[in-house]
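**Student:** Sharing a structure, written as structure tokens. Questions coming.
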Amino acid sequence: MSKIFKVEVGGRDLSFETGRLAQQASGSVLVRYGESAVLVTAVMSEDIREGIDFLPLTCDYLEKAYAAGRVPGGFFRREIGRPSEKETLTSRLIDRPLRPLFPKGLYREIQIIATVLSGDPETDPDTVALNGAAAALEISNIPFQGPVAAVRVAKVAGDLVVNPTASQLKECTLNLIVAGAPQGLVMVEGGASMATEEEVLEALFFAQEQLHPILALISRMREEIGKEKLPPPELPDYGDLPKQIAALAKDRLLAAVTIPEKLARYQALDQVRDDVLADLGEAVEVPKKEVVGIFQDFKKRLVREWVLKEQRRIDGRGFSDVRPIWGEVGMLSRTHGSAIFTRGETQALAVATLGTPSDEQKIETLMGETFKSFMLHYNFPPYSVGEARMLRGPSRREIGHGALAERAISQVLPSAEEFPYTIRIVSEILASNGSSSMATICGGSMALMDAGVPLKAAVAGVAMGLIKEGDRVAVLSDILGDEDHLGDMDFKVAGTAMGITAVQMDIKMTGLTREVMAQALNQAREARLHILGEMNKVIAEPSPELKEHAPKIIVLTINPDKIREVIGPGGKMVKSIVAATGVKIDIEDDGRIHISSADQKAANEAIRMINEITAEAEVGKVYSGIVKKIMDFGAFVEILPGTDGLVHISELEHTRVQTVTDVLKEGDEVTVKVLDVDRQGKIRLSRKALLPVPEGMQIRESDRERRPSRAPKKRPE
């Protein structure tokens, strides 16, 4: 039977309805918050997937256009093909806090599908979907070791707000999605407008307090309606084999794992593994793959213990040391901006491209179309880690890393009024040994400065790690790939010298204290300042001018009523300007015209042509025009493109004119002077004001009346 559970969060009800929809799933929940409704299902297969040593978990978040009362765009008018960036990022958001909470050895396919059925423009469904996934897993028979819950926290007008509306988010200075379990935080994702470390720390633990009612409700759901959980998989008993492997491998592992260079270290570790397998011989009945797994587990425990005991890291650094950094800008001659950023064995090539306003990315979202004028794309080719594999489209990981770097840099970009360009950064990871997304931020910031983009400040990023055993804690700055794998936390922090612009955190342990979080944030700040100092040695300020091949954008502002004249019938006028000059023209509804060209002469010519079209008549100014129409009372003369004025018959000659055609005919070129422009925009012109006055003719002060002079009469004597 249907049952509804409710809890108030941020002044609105968060409700979970079960027992009515999708009843054949292992667990299903319809979650409502505001007017948003998300159906979340969790299903686990009956069969164990053979030949794998990882959890085959798939999380999919789907936005349906009908949820917002819209028909999808595209030829087929249905939601097909590759997920949108928003769907991909939200799918990752759901996956990251859930994955660590499944028991080790669970090799059954698990699929979570979150489908947005109703979209509230004031409520982002991402945290709603994550809470629904946690609840669906809790009430299912899947051996999930939850609960977990999520909220969004923003700082609006100086106050922390839980689950803010879309309107509030437009004014916020900090925006974080925080997921947590009863024991502590498990995931953080978000950005800020150069927030301090204390502000971020305060927001994180404010969020943890807001999670408690949701966690309690999900636990109550499990107690009242949850299915009996399947037992976690039994881990095999290998007897004395782990001890044998430890005895054979310990000394050789310590020698291999402390080799500073990544590839040399990996080769040495592979050799140790092969030697241990050979020493064990054929007597071992355990499959080779499982023996390798035991070896890897021992290596992880050994390295963690060694780091905590020796108080140094596998590459010889101290806990707060950053790897050597070098960089270069302007290495690519035809691009608009380029930079190489290398930190240790991680290297990113960032290339900046400047486009016109029409190059903005058009995005079809649940609530309609939006536009992006800044894009950052992150690519992770296989050669960056010494592998050979097929190239495919960007993975979820690549999209996620690009979004993190984009969020970090977007906070320091100039406004559209100050710099009216569409900006794209592409980061090619040339080599990777940890923290390539942070290298992307550093390289992207340098490439933008090389391109001449007037950034508010340089941005750098660093990835922090953690090893914790009991009371012993090691917070690691600028982690290697191996330290990420064997550690308890991956905490990425990006920002300027003034504050934080983006954070991302995944925690593999529970019970992270405020003191440890504060240490990680402060240590990250020290590392960030060091990295910014190294970047400043390469480029400290944006280039004063754009590169030779970058388009130059000039912004003209015209009367909006003149837009149709610039465009012309069917676009004829603007097309003729483009054809004549080769420039690119973008016209905004408010009268702004963006003229883009790498050729300054061509841009100047386009400006001249537009000025001619949009010019307005000035009283007292002389124009050369064409007679367009003859009337009984005067002639209409086009003095500017699309602008006509009337020359009254009385303003044609100093002497009386019987008919207009005695002086002018249609098509004649005539020079006239503007006498007046009234409030309705009607223009009075004069031809006679420019003609010489015949001898003997007197002219009154009024320019509108001139009569032939008469000889004075003689008085009678």
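Coordinate-derived values only; no laboratory data. Nothing here was measured: the structure is a model prediction, and the numbers come from that model. When we count neighbours, we look across all protein chains shown, and the Cβ atoms used for this are built from the backbone with ideal geometry, even at glycine.
**Student:** For the chain, what does the helix formula give at 222 nm: sum of -39500 (n - 2.57) over DSSP H segments with n ≥ 4, over the residue count, nearest 500 deg cm²/dmol?
**Tutor:** So the helix-based figure for the chain works out to -9500 deg cm²/dmol.
**Student:** I've got another one for you. Counting only DSSP beta bridges with both residues in the chain, what percent are antiparallel, rounded to the nearest 5? Walk me through the numbers on the way to the answer.
**Tutor:** On the way: 131 of 146 bridges.
DSSP beta bridges in the chain are roughly 90 percent antiparallel.
**Student:** Please quote Rg/Rh for region 622-707 to two decimal places, taking the Kirkwood radius as Rh and restricting both calculations to Cα atoms. Don't skip to the answer; put the middle values down first.
**Tutor:** Numbers: Rg = 12.5 Å, Rh = 13.1 Å.
Ratio of gyration radius to Kirkwood radius: 0.96.
**Student:** Using the crude model of +1 on Lys and Arg Cβ and -1 on Asp and Glu Cβ, and no other charge, please compute the dipole size for the chain relative to its Cα centre, in debye to 20.
**Tutor:** Details: 89 positive and 103 negative charges, 398 e Å.
The calculated dipole for the chain is roughly 1920 debye.
**Student:** If you wrap a convex hull around the alpha carbons of region 3-225, what volume per residue comes out, as a whole number of Å³? Each step should come with its number before you reach the end.
**Tutor:** On the way: hull volume 31.9 nm³, N = 223.
That works out to 143 Å³ per residue.
**Student:** Which listed residue (Ala598, Ser427, Gln361) has the Cα farthest towards the positive end of the charge dipole for the chain, taking +1 on Lys and Arg C-beta and -1 on Asp and Glu C-beta about the Cα centre?
**Tutor:** Highest projection toward the positive end goes to Ala598.
**Student:** Quick check for me: using +1 on Lys/Arg Cβ and -1 on Asp/Glu Cβ, what's the dipole size of region 1-144 about its Cα centre, in debye to the nearest 20?
**Tutor:** Roughly 160 debye, rounded to the nearest 20.
**Student:** Turning to a different aspect of this structure: Beta carbons within 10 angstrom, averaged per residue: use that to sort the peptides 349-355, 280-286, 635-641, highest first. Before the final figure, lay out the partial values.
**Tutor:** Values: 349-355: 23.6, 280-286: 9.9, 635-641: 20.4.
So the peptides 349-355, 280-286, 635-641, ranked by packing, come out 349-355, 635-641, 280-286.
**Student:** Right, here's the next one. I'd like to verify something in the chain: which complete DSSP H helices, judged by Cα projection on the helix axis, reach 30 Å or more and average at least -0.5 on the Kyte-Doolittle scale?
**Tutor:** Details: long enough: 197-225 (42 Å, 0.12); 288-310 (32 Å, -0.56); 514-538 (36 Å, -0.41).
Qualifying helices, which must be both long enough and hydrophobic enough, are 197-225, 514-538.
**Student:** Would you list which lysines come within 24 Å of Lys372, measuring only between C-alpha atoms, while excluding same-chain residues fewer than 8 positions from it?
**Tutor:** Within the straight-line limit of under 24 Å, Lys372 reaches these lysines: Lys64, Lys86, Lys155, Lys170, Lys362, Lys456, Lys547, Lys552, Lys584.
**Student:** Quick one: Cα centre-to-centre distance for region 635-683 and region 97-138, in angstrom?
**Tutor:** 75 Å
**Student:** If you don't mind, another one. Give me the dipole magnitude in Debye, nearest 20, for region 552-614 about the Cα centre, with unit charges on the beta carbon: positive for Lys and Arg, negative for Asp and Glu. Working shown, then result.
**Tutor:** Numbers: 9 positive and 9 negative charges, 44 e Å.
Around 220 debye, computed over region 552-614.
**Student:** Let me ask another. Please report, in cubic angstrom per residue, the volume enclosed by the convex hull of the alpha-carbon atoms of region 220-286. Numbers along the way, then the final one.
**Tutor:** Numbers: hull volume 11.9 nm³, N = 67.
Each residue corresponds to 177 Å³ of Cα convex hull volume.
**Student:** From the alpha carbon gyration tensor of the chain, can you work out the equivalent ellipsoid semi-axes (sqrt of 5 times each eigenvalue) and give them in Å, largest to smallest? Write down the numbers at each step before the final one.
**Tutor:** Values: eigenvalues 1003, 192, 95 Å².
With the √(5λ) rule applied to the chain, the semi-axes are 71, 31, 22 Å.
**Student:** Pull up all non-local amide H partners of Gly634: gap of 5 or more, or a different chain, and H-to-H distance under 5 Å with H placed in the peptide plane.
**Tutor:** Ile649
**Student:** Return the inverse of the average 1/r over all pairs of distinct C-alpha atoms in region 325-538, which is the Kirkwood hydrodynamic radius, in Å to one decimal. Mind showing how you got there, number by number?
**Tutor:** Numbers: mean 1/r = 0.0560 Å⁻¹.
Taking the inverse mean of 1/r over all distinct Cα pairs, region 325-538 comes out at 17.9 Å.
**Student:** I've got another one for you. Relative contact order, percent, of the chain when contacts are C-alpha pairs under 8 Å separated by at least 6 residues? Numbers along the way, then the final one.
**Tutor:** Values: 1454 pairs, mean separation 65.2, N = 717.
Relative CO of the chain lands at 9 percent.
**Student:** Using a 10 Å cut-off on Cβ atoms, rank the peptides 308-317, 82-91, 44-53 from the highest mean neighbour count down. Mind dumping the intermediate values first?
**Tutor:** Numbers: 308-317: 15.2, 82-91: 18.7, 44-53: 10.6.
Packing order, densest peptide first, comes out as 82-91, 308-317, 44-53.
**Student:** Oh, and also: Sorted by packing (mean other beta-carbon atoms within 10 Å per residue), highest first, where do 106-116, 145-155, 656-666 land? Display every interim value, and only then the final one.
**Tutor:** Working: 106-116: 21.2, 145-155: 23.7, 656-666: 13.5.
Most protected by this proxy first, the peptides run 145-155, 106-116, 656-666.
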